[in-house]
Amino acid sequence: MNFKSTIGLEVHFELKTKSKIFSPSPVTYGAEQNTETNVIDWAMPGTLPMVNKNVYRLGIMVAIATHAHILPTTHFDRKNYFYPDNPKAYQITQFFQPLARDGYIEVEVRGKKKRIGIHEMHIEEDAGKNTHGTNGFSYVDLNRQGVPLLEVVSEPDMEDPEEAYAYLEKLRKIVQFTGASDVKMEEGSMRVDTNISIRPAGQKELGTKVEMKNLNSFDHVRRSLAYEEKRQEQVLLAGGHIQLSTRRFDEATGKTVLERVKEGASDYRYFPEPDIAPDHISQEWIDQIAKELPKSPFDRYDDYVNKFGLKPYDANVLLQTKESSDFFDAAVAAGADPTLAANWMNTQVNGYLNDHRVSLNDIKLTPEHLAEMIKLIKDGTISSKIAKKVFAETIANGTDPKKYVEDNGMVQLSDTSVLAPMVKKVVDDNPQSVEDFKNGKDRAIGFLVGQIMKQTRGKANPKMVNKLLNQELQSR
Amino acid sequence: MEITKDTIKHVATLSRLAFNEEELDKFTDQMGSIINMADQLSEVDTEGVEETVQVVDRDTVFREDKPEHWQGQNRETLMANVPEKANGYIKVPVIINKDEDE
């Protein structure tokens, strides 16, 4: 019997705000346990939640970038559950009137384009973090309680693990370039839950779905879905039935393991949050956010390859993060030659970042520095050999390249009136080289260039010296 | 809507509560009367009436994204009512259930 899979994904993004969604508690990564949480996060009597405007703004950005329809009126709801990661015993989320509905993104799998629908997206609060001890206890840190999340719920439009993978990659890239989230799975700023059911080919009605939560890499998503397809098939073929349940992926064995039998939606007893007034989202605000929306990675790619003539590979390296793409764009805007700028970014700058384990935000090199240095190379002021020295100085200390070059006498020597007499002298002093040159030994020129470089401490323009030497030798 | 003993048992499980038989009978009765009283509202014809989710006379109340430590806050005050703690964490009975089903 052949089976068909139906896959839907729920992706949570931590939105990049400075404070929590309903309280002014700071949001930082890695703060000491239970120091960035307050009485509002815990819903102590007498406190009231108040919505962080920036959470809506970032959510609207993603909604626009995924072609979703933003609801003019939304409100928050309570999702009731008892679990130690949330001292309120409810999560404030948007259940009845979410931020946006009916979006889509386009993916390409095995050369075929496919549109994957987005059912809805809503903003909500994150729960605290549990650490499970081995001594029969768990330890709860509520710093994450109240961190803003955007949950993007796809339509069950995916039919195999590869499509799910492609959808995730595309969605991640889109969100990353809005700047709304860090989208780092390893730090938990992007989290993926999957729903998968299978049904015999030809059957219309969907099978019972199994949910897998908190998968921490795209690869785990793909592997756990592939495992579930097989497992459910075996259960059905053996005459069993699938239980509506939550499972988790076990990295060590590559298997999925039953975690709990799922509570139905009605068990969460959703009701409108009485502590927060409904929100009206004006078209003016949406238009304004749309205007401020950073350029999409796809438009940027188009510019890089078609406008600037970069190789697709180089364009993709630049587009690995929004930061590097922004840095490159700023360097080009400051007058840098795009091809040279891309080369410097992808080799020297990335090399430095990897060696020092830092990010673009941590270094002292600015896009303007890079542009200035590239201009100095292009107009022949410095050689590319000298440029590496200038680069090392600027990226480490933030020294202005032009000033550094001038202060240290690194300007390339291209003046014929200075170089010509030197060339004449070096040829006079080395009669053997003239002989060698006449006998067709090209090495002779290399030796003489070396002599000039030595005398000028590497500052002579090599092209110019070559040209002058050739002229001089031929005239003898 | 009929409130049965099973309804009460189910809601109790969701709330992590345990009742004895006597309590179950009592709550089944009480909850039944409460729900039935509230149910009278369903007799009102609400055809075409928009659902009310809030009765306060304002909407769209936002705050700016400015981080702030709660004034005078320290972890000890916040965690004063936490029954068991360890090294700044809230200590609870182990949460995860590792049921292997195959």
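Quick look at the values:
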{"item": "Shape of chain B, Cα gyration tensor, a/c cut at 1.5", "result": "oblate"}
{"item": "Residue-count net charge about B:Thr77 - beta-carbon cut-off 15 Å; Lys, Arg +1, Asp, Glu -1", "result": "-1"}
{"item": "Burial ordering of A:Ile276, A:Ile118, fewest other beta-carbon atoms within 10 Å first", "result": "A:Ile276, A:Ile118"}
{"item": "Residues A:Glu155, A:Glu32 arranged by fewest to most Cβ contacts within 10 Å", "result": "A:Glu32, A:Glu155"}
{"item": "In Hz, Karplus ³J(HN,Hα) per residue of the range A:156-161 (6.51, -1.76, 1.60; θ = phi - 60°; x = Gly, Pro)", "result": "x, 9, 9, 10, 7, x"}
{"item": "Ellipticity estimate at 222 nm from DSSP helix runs (n ≥ 4, -39,500 (n - 2.57)) divided over chain A, nearest 500", "result": "-11500 deg cm²/dmol"}
{"item": "Taking the range A:3-280 and dividing mean pair separation by its residue count, relative contact order in percent (alpha carbons under 8 Å, at least six apart)", "result": "25 percent"}
{"item": "Charge dipole magnitude, Cβ of K and R +1, D and E -1 - chain B, Cα centre, debye nearest 20", "result": "940 debye"}
{"item": "Number of partner chain Cβ atoms within 10 Å, mean per residue of B:54-62", "result": "6"}
{"item": "Taking A:Tyr56, A:Tyr313, A:Tyr268, A:Tyr29 and counting other C-beta atoms within 10 Å, the order from fewest to most", "result": "A:Tyr313, A:Tyr29, A:Tyr268, A:Tyr56"}
{"item": "Dipole magnitude of the range A:200-269 about its Cα centre (Cβ charges: Lys, Arg +1; Asp, Glu -1), debye to nearest 20", "result": "40 debye"}
{"item": "Relative contact order of chain A, pairs being alpha-carbon contacts under 8 Å that are 6 or more residues apart, as %", "result": "13 percent"}
{"item": "Given charges at beta-carbon only (K, R positive; D, E negative), |dipole| of the protein assembly as shown in Debye", "result": "3560 debye"}
{"item": "Leading residue at positive end of dipole, the protein assembly as shown (Cβ point charges), from A:Ile92, B:Val56, A:Val423", "result": "A:Val423"}
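All of the numbers you see were taken from the coordinates with simple rules; none came from a lab. Being a predicted model, the structure only gives us computed values, none of them experimental. We place every Cβ from the backbone using ideal geometry, glycine too, and count neighbours over all the protein chains shown.
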